[in-house]
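The values are calculated or read from the model by the stated rules, or taken from the named source; none is laboratory data. Note that the coordinates shown come from a computational prediction; the quantities given were computed from them, not determined experimentally. Here the Cβ positions follow ideal geometry from the backbone for every residue, glycine too, while neighbour counts run over all protein chains shown. SASA here: full protein model, heavy atoms, side chains in, ligands and nucleic acids out. Shrake-Rupley method; radii C 1.70, N 1.55, O 1.52, S 1.80 Å.
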Amino acid sequence: MQAPGAPKARLDFLNTRPPPNYVAGLGRGATGFTTRSDIGPARAAPDLPDRSAAAVGGAAPAAGGVGRGRGKGGAGEEDEEDDNEEKGYDENQKFDEFEGNDVGLFASAEYDEDDKEADAIWEAIDQRMDSRRKDRREARLKEEIEKYRASNPKITEQFADLKRKLYTLSSAEWDSIPEIGDYSLRNKKKRFESFVPVPDTLLEKARQEKEHVSALDPRSRIVGGMETPSAQTPVADLTAVGEGRGTVLSVRLDRILDSVTGQTVVDPKGYLTDLKSMKITSDAEISDIKKARLLLKSVTQTNPKHPPGWIAAARLEEVAGKMQVARQLIKKSCEECPKNEDVWLEACRLASPLEAKAVIAQGVKANPNSVKLWMQASKLEEDTANKSRVLRKGLEHIPDSVRLWKAVVELANEEDARLLLQRAVECCPLHVELWLALAKLETYESAKKVLNKAREKLPKEPAIWITAARLEEANGNTASVGKIIERAIRALQREGLEIDREAWMKEAEGCERAGSLGTCQAIINNTVGIGVEEEDRKRTWVADAEECKKRGSIETAKYIYAHALTVFRTKKSIWLKAAQLEKSHGTRESLDALLRKAVTYIPKAEVLWLMGAKEKWLAGDVPAARAILEEAFAAIPDSEEIWLAAFKLEFENRETERARKLLAKARERGGLERVWMKSAIVERELGNVDEERRLLNDALRRFPSFFKLWLMLGQLEERLGNSDKAKDAYESGIKNCPNCIPLWLSLASLEEKMNGLSKARAVLTMARKKNPQSPEPWLAAVQAEARHGYKREADVLMAKALQECPNSGILWAASIEMAPRPQRKTKSSDALKKCDHDPHVIVAVAKLFWQERKVEKARNWFNRAVTLAPDIGDFWALYFKFEQQHGTEEQRNDVLKRCVAAEPKHGEKWQATEKAVENSHEPTESILKKVVASLKKEENLAENNHN
């Protein structure tokens, strides 16, 4: 604040007298009172001064009235003024909202930035203190509201328990509840009835109204007696009113006896019922119709030769329900615009069936060259002969109308159609559809002549050339089909026509659907490379073949691949795609021929040899498969894949000695880890434990980083009961393969069997540290805790696991199954948000629907899961178990067939069953049923434990 100037002895405003009727303290709510010594009222008079002046001036006027509890002014008042002058301010002055009681002290001071900042700080402090007290204030208010509601409940709350019991009432009890009557005091008052005699004037008036007068009213005679005078006394006879309504109804029935829809008989009994289904036009719609009627009337009057105006006006009246007016309007439009075919068509539509022919006849007479009118006239005829006669009459006036020729040909028999088409191509030589239709009806020689004439008339039309090629193919001249298409391409290019590759390929697909495969192949061979850059040919042709495959044009796709293989003979990817197409949609012979041809061009392609051998094996021809593999050995002697394929062929066919010899040769040639692993598998099946252990130890010295060998060694020792040796094997494997999750899980399972849960916890904790983002160790730890009954620890671990791996489907699926039944829907919703397309989550949701007996939903979700992950056998087992319980025999067979085709290899239960020694040669169908049986056994065991 700025320092004031020269100090004054006293303030100027303190010398002034207070305004009249001033009451000290009135601004802060004080009111004066009157004593015996007072003179006059102590309350404020109506003419108080404007208080805003004090606020503007920054100070209130000096107090001079009688204060609260103060006596009358006088000498004491003068003494008080003297005291105020000594103080420099008046203690009884008005309270200021901004500066408080200190307004007098700082009246002459200036409000600067420092004051503003200080006020802002104090305001912030006030707000902070208020926010701190806000929670307590709201809690107290809430408590008071709850206490009030508890002590003053609503009517609905008081009767809530009674309402809940209403469902126990039977229908008879409901019907026995009496209706509430009017028991108000007003209706209980005794009413006095008074009877007043009827006056004579009322009786006379009633007698006059009942009389029948045979004379007409003079005002009615002026207009011939056909109008009712407006001032006539209204009819008070209800009988007469009813008779009038009946007359009006009969008139309406007569009016609609002939309608545009052909309804010539109206049922008077059902008329009122039909009225209930009629649309009741609102006032707004009626207003819109009136406006549109005025507008269209203006259009037709100002421009009567404008047909759309007349048509719109007629349709408006039709919508308004005034068919007669609509017909009159359209009739007038026909007079005004006789040369417009749309007007006549509209008149035909609005006319009754009996009058429609006459109307269209007038229209045809006025417009003999209108194709639409002749076609409409043909539609109105019911007999085929009459239709044909009308169309031929039209052709006399319009001989070059293709539409009329097509219509008349469709109505004729084959011989008449051929004659008509011969005339049609003379009248319309530039329409290729007529030429092609005629060629189809002619004999082979005549069709060739027709097509030659058509080619002379239409040299730029490719459809004629394609039809000629199909004609030759249909008559056995397959050698000339390719020549015709080749000539067609050259001739069209000479004519300056650009060859559209896409259009020609569509024509090829059309030929395939029509059965002309030779023409289809010729079109592909001659047009598939047009307009394609040399470096883009492979990619473009493969894309074309895939698109044709999607559209179902399999043969066209085969021809595209065949043409591509003539150009790219050494491209393995094209051969593979062609082989897959043949495998899906061809025969075994065509596939074998294709693969034989492929390996002649690419003898080093292992996959082609293996595909050929597998197809022979699946066909049951094992010697042929061996022969193919022998040829493959000769072509690729060092191929491990071929060695393993030969081993699998012999092993699956129970030729164990052959398999052992093949693997021994492969090991001598320096086979890799898979050869050693397969060798150990053979010895395991034969029961040669020592030889299996020797092979595994030798293999591990060569390939210590191949985790499957360590797993097999540990499993071997576990089977023999050597837990310590199995533990050493797993630990050695973990040292060499620290990121191998199956080794960690196997070691944890072994520790749980040997030393209990605590050791397994330590192993799984170390596994999680070594592999922080892997969900399998987390899941194994959760399952271990749950197995030993520590549900709370399992829930805590699951929460941590989901924090560590929030997008893991197997964790979310386990979380759904662990959750209490009411919370599973919420859990599944959260899981689907995190990993919508994970098959484990989808199966968990399907099992949830299964438990709730929502069969169709469960089936759809199981189907979705096996579609997303067909390689997981556990899903197929659950799906098959579900169909055994809720499906039909056909649905079970479908699931079984799809599972066999998918050949699943993964899944916890599936792998444990499939890799058991006793199931080594079992087919997929048998493995599936065994997994389902193990699932049922687990379910029964869980139910028994629960009970």
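Here are the numbers for the structure shown:
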quantity	calculated
Full-extension gain in nm, residue 423 to residue 319, via 0.36 nm per residue minus C-alpha separation	32.9 nm
Partners for residue 372 among lysines (Cα-Cα distance below 25 Å; same-chain residues under 8 apart left out)	305, 331, 332, 339, 357, 387, 393, 406
Whichever lysines have a C-alpha closer than 20 Å to that of residue 616, once near sequence neighbours (fewer than 8 apart) are set aside	577, 583, 597, 604, 648
Counted charge near residue 656, where neighbours are those whose Cβ lies closer than 11 Å (Asp, Glu -1; Lys, Arg +1)	-2
For region 401-535, fraction of C-alpha pairs farther apart than 19 Å, in %	53
Region 299-427 - accessible surface per residue (Å², probe 1.4 Å)	54
Gyration tensor (alpha-carbon) shape descriptor, region 689-748, a/c threshold 1.5	oblate
Unit charges at the beta carbon, dipole of region 762-831: most positive-side option, 790, 771, 831	790
Mean Cβ neighbour count within 10 Å, used as a protection proxy, ranking 364-373, 408-417 highest first	364-373, 408-417
Length-normalised contact order of region 621-753 in % [C-alpha pairs under 8 Å, at least 6 apart]	13
Lysine pairs within region 765-908, Cα separation less than 19 Å, 8 or more sequence positions apart or different chains	25
Potential extension, residue 860-residue 158 segment - 0.36 nm per residue separation minus Cα distance	247.9 nm
Cα-centre dipole for region 789-838 with unit charges at Cβ (Lys and Arg positive, Asp and Glu negative), debye to 20	240
Candidate lysines - alpha carbon under 22 Å from residue 142, same-chain residues fewer than 8 apart omitted	134, 154
Protein accessible area in region 681-747, 1.4 Å probe - carbon and sulfur %	47
Surface accessible to a 1.4 Å probe, per residue, for the residues of region 781-863, Å²	55
Length gained when the stretch residue 658-residue 415 is fully extended (0.36 nm per residue, less Cα-Cα span)	80.1 nm
Near-label residues of region 400-429 by backbone N, under 15 Å of a point 7 Å along Cα→Cβ of residue 384	407-418
Relative contact order for region 806-854, counting Cα pairs under 8 Å that sit 6 or more residues apart, in percent	43
Check: region 852-947 dipole with +1 on Lys, Arg Cβ and -1 on Asp, Glu Cβ, in debye	200
Separation of the residue 456 and residue 944 label points, Cα + 7 Å toward Cβ, nm	9.5
Cβ charges +1 (Lys, Arg) and -1 (Asp, Glu), total dipole of region 828-894, debye	260
